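Each remark here refers to the structure printed beneath this line.
The values are calculated or read from the model by the stated rules, or taken from the named source; none is laboratory data. Since this is a predicted model, take the numbers as computed values, not measurements. Counting neighbours? That spans all protein chains shown, and the Cβs are built from the backbone with ideal geometry, glycine included.
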Amino acid sequence: MTGGGGGGVGSGVRQKVMAGGGGGGGVGSGVRQTVMAGGSGGGGGSGVRQTVMTGGGSGVGSGVRQTVMTGSGGGGGVSFTTTRSMSSIISPPYSVPKGSLGENMSTRLELAAAYRGLDQLGLNEGVCNHLSVMAPRADGKDGSVMLVINFGLHWSEVRASELLGVDRDARLVEGEGEGEPDITASCIHLGIRSIRPDAKVIMHTHQPYATALACLKDPRLLMIHQNSTRFYQRVAYDNCYSGLALAVDEGCRLGQALGEQDVLFMGNHGILIVAPTVALAFDNLYYLERAAQVQILAQSTQKELALIPEKECQKTSQEIWNNIKFYSDAAFYSMYRRLRKTQPDFEF
């Protein structure tokens, strides 16, 4: 598009180029360029705007996206440049040393961010509920620790350095003298991990809408919305409320009720999620709450629900889980970056 002398809105030249990279480029690989050049008497929108997406190897959205807008001519335009790689969006925005100490540090940073982020979303309850992650010991000794909050701290106060570490026998091995974890956290999380040793991350909350479903005689999450299909055939239900979890045996019972699923609706109690990463557990808690909220609002109309057919549930769920790491990392690290601006002390 080429403008003449007295260019108006959008006058000038606009060019788009999409060139593939070298190796097996995935979605978004290659170069995408948009140029918009205004004429001499540029009006609104005159100038140059360029977008470049350069792909390296394979992968969804790999490469760098750059946007440039430069004014020209008599109209005087805005000039700015932004460059952001897709890898920077879906990668941890922090750096730590290599080895067990670095892994312990990164786990602490992400767990502290999860506590703060869930507090911002209103998915916590007072100083109760608990999130935990298994990590190598910071001192480099053999074995691992379960990192968890110091009981009595509000989730908005959690700092990475203040998280406590307990061993598989519930003995405090990191953070000694700084407090102690909630006994129900140790009993539930250690008990579940005795049944599900793959459960690196466990998050237990009383988030309002999902917990409301757990209080129904029929607590099933219905496949009525796209967010619901994320959990298609991934939810277990425990309808045997037995009071506070004051013994590891109760955690073992909950682990057996969870089975091989990712989500447990704890009857008359709350929600429990297991995942291999903090980002995925955080993202699942968020979308589970949104799915439950939609269901309760839809049910409140007292009109017939439109259930998604089985075939479409399977298809949509598979599409989501095929790219779940990309989605969950992008969401979690965007929240992490936001916390750095608003609550930077969580990293201390």
- Per the list (1) at pLDDT 95 or above; (2) surrounded by fewer than 16 Cβ atoms within 10 Å (Cβ to Cβ); (3) more than 19 Å from PHE282 (Cα to Cα), residue check on ARG171 breaks on (1)
- Of all residues in the stretch 87-100 being touching an Asp or Glu at 6+ places or on another chain (Cβ under 8 Å) and not hydroxyl-bearing (Ser, Thr, Tyr), the one that is surrounded by the most Cβ atoms within 10 Å (Cβ to Cβ): ILE90
- Message: Being buried (at least 21 other Cβ atoms within 10 Å of the Cβ) and small (Gly, Ala, Ser): is that true of SER194 here?
- Response: no
- Task: Look at the stretch 131-168 and say how many of its residues are crowded, with 22+ Cβ neighbours inside 10 Å, of a type outside the set (S, T, N, Q) and in a strand (DSSP E or B).
- Result: 10
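Taking the stretch 262-311 only, how many residues are within 22 Å of PHE326 (Cβ to Cβ) and either touching a residue at least 60 places away in the same chain (Cβ under 8 Å) or among the polar types (S, T, N, Q) (or both)?
Count: 18.
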- Note on the structure: Going through (1) out of contact with any strand residue (DSSP E or B) (no Cβ under 8 Å at 6 or more places or on another chain); (2) under 22 Å from TRP155 (Cβ atoms); (3) hydrophobic (A, V, I, L, M, F, W, C); (4) in a loop (DSSP other than H, G, I, E, B) one by one, LEU109 fails only at (4)
- Task: For LEU147, work out the one condition from (1) closer than 20 Å to SER186 by Cα; (2) within 20 Å of the chain's Cα centre (by Cα); (3) touching a residue at least 60 places away in the same chain (Cβ under 8 Å) it doesn't fulfil.
- Result: (3)
